[in-house]
Amino acid sequence: MKNLKNALLLKQLYQLKQLGYKYTSVTPYKDEEQDLRLPDTLASLEKQAMECHLCELSKTRHKAVFGEGDPNAEIMFIGEAPGTMEDSAGKPFVGRSGELLTKMIENVLHIPRSDVYITNVVKCRPPNNETPTPTQAHTCQPYLMKQIALIRPKLIVTLGATAYHYLTGDDTEISKVRGTLHKQNDYTVIPTYHPSYLLRNPSAKKEVFDDLLKVKELMGK
Ligand code: URA
């Protein structure tokens, strides 16, 4: 909630700056004037995210990419951020790494991609596909947390270091933690490599295959 408050404060300071203010001695943001609760349905949360202007990524995005899949999924996949293709489609993982992710889900877990839920740490594409900054990731975090709270997955597969780091707060190297299980809140996190890393390093596919077999076993699939 503190992140959301800070983000709203920042947004209002940006607005004042656009109007020509260089300095303000008062806090434009007033706690009691805002309803800081995020919506309690996935559809209204998505609507809010699609219209979000809490960080500068909203200025360069074409479409915010909220996430897609089964709203009651037992397994959730979290990537880093939308890329160029996702930014135009408004859907997560539709490019080359998306094709690979779909194969991983369908050929290893033996379930349709539509049976899981897929989203990212940040919902808008960072320019030049850079890693989201900590401020961008923290500003967007309430959306991800609310998605998890509403979907209530049993297992969350984080794809790459960024997703693992922002979900667990742990910044151990991904090569050291991949395939390990982390129980938190009502779900278990299992980190693995990001599909775009696999496109650059195909020899790591074997490790991801092993991680997904673990997912399959845990889910009794
Ligand atoms: N990479 C990601 O992390 N997410 C996407 O949606 C696409 C590529």
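The values are calculated or read from the model by the stated rules, or taken from the named source; none is laboratory data. Treat the numbers as computed from the prediction; the structure is a model and nothing was measured. Every residue, glycine as well, gets a Cβ built from its backbone with ideal geometry; the counts of neighbours run over all protein chains shown. Note: areas computed on protein heavy atoms with side chains; ligands, DNA, RNA excluded. Shrake-Rupley method; radii C 1.70, N 1.55, O 1.52, S 1.80 Å.
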(request) Go from 0 up to the bin containing the longest alpha carbon distance in region 126-221, width 5 Å each, and give me the % of pairs per bin. (result) 3, 12, 21, 23, 21, 14, 6, 1, 0
(message) Above 15 Å lies some portion of the pair distances; for region 56-123, what is it as a whole percent of all C-alpha pairs?
(response) 50
(request) Please give the calculated 222 nm ellipticity per residue for the chain, where each DSSP H segment of at least 4 residues contributes -39500 (n - 2.57) and the sum is spread over every residue; nearest 500 deg cm²/dmol? (result) -12000 deg cm²/dmol
(request) With only alpha-carbon atoms counted, please give the Rg and Dmax of region 180-221, in Å. (result) 11.7, 34
(message) Only four residue types carry charge here, +1 at the Cβ of Lys and Arg and -1 at the Cβ of Asp and Glu. Report the dipole size of the chain about the Cα centre in Debye, rounded to the nearest 20.
(response) 320
(request) For region 12-170, please report how many Lys pairs fall under 13 Å Cα to Cα, leaving out neighbours fewer than 8 apart on the same chain. (result) 6
(request) Calculate, in nm to one decimal, what residue 106 and residue 14 gain on full extension: separation in residues at 0.36 nm each, minus their alpha carbon distance. (result) 28.7 nm
(request) May I ask you to work out the translational diffusion coefficient for region 44-175 at 20 °C, viscosity 1.002 mPa s, via Stokes-Einstein with Rh from the Kirkwood sum over Cα pairs, reported in whole µm²/s? (result) 145
(request) Give me the accessible area per residue for region 68-221, probe 1.4 Å, as a whole number in Å². (result) 45
(message) How large is the Kirkwood hydrodynamic radius of the chain, counting all unique pairs of alpha carbons, in Å?
(response) 18.2
(request) Arrange the peptides 187-198, 41-52 so that the one whose residues have, on average, the most other Cβ atoms within 10 Å appears first. (result) 187-198, 41-52
(request) Count charges around residue 129 for me, please; just the other residues with Cβ under 12 Å from its Cβ, Lys/Arg as +1, Asp/Glu as -1. (result) -3
(request) Just subtract the alpha-carbon distance of residue 72 and residue 199 from 0.36 nm times their residue separation and send over the number in nm, one decimal. (result) 42.7 nm
(message) Taking all protein chains in place and a 1.4 Å probe, what share, in percent, of the accessible surface of region 67-221 do carbon and sulfur account for?
(response) 50
(request) Could you pull the Cα extents of region 96-148 along its three principal axes, largest to smallest, in whole Å? (result) 37, 27, 12
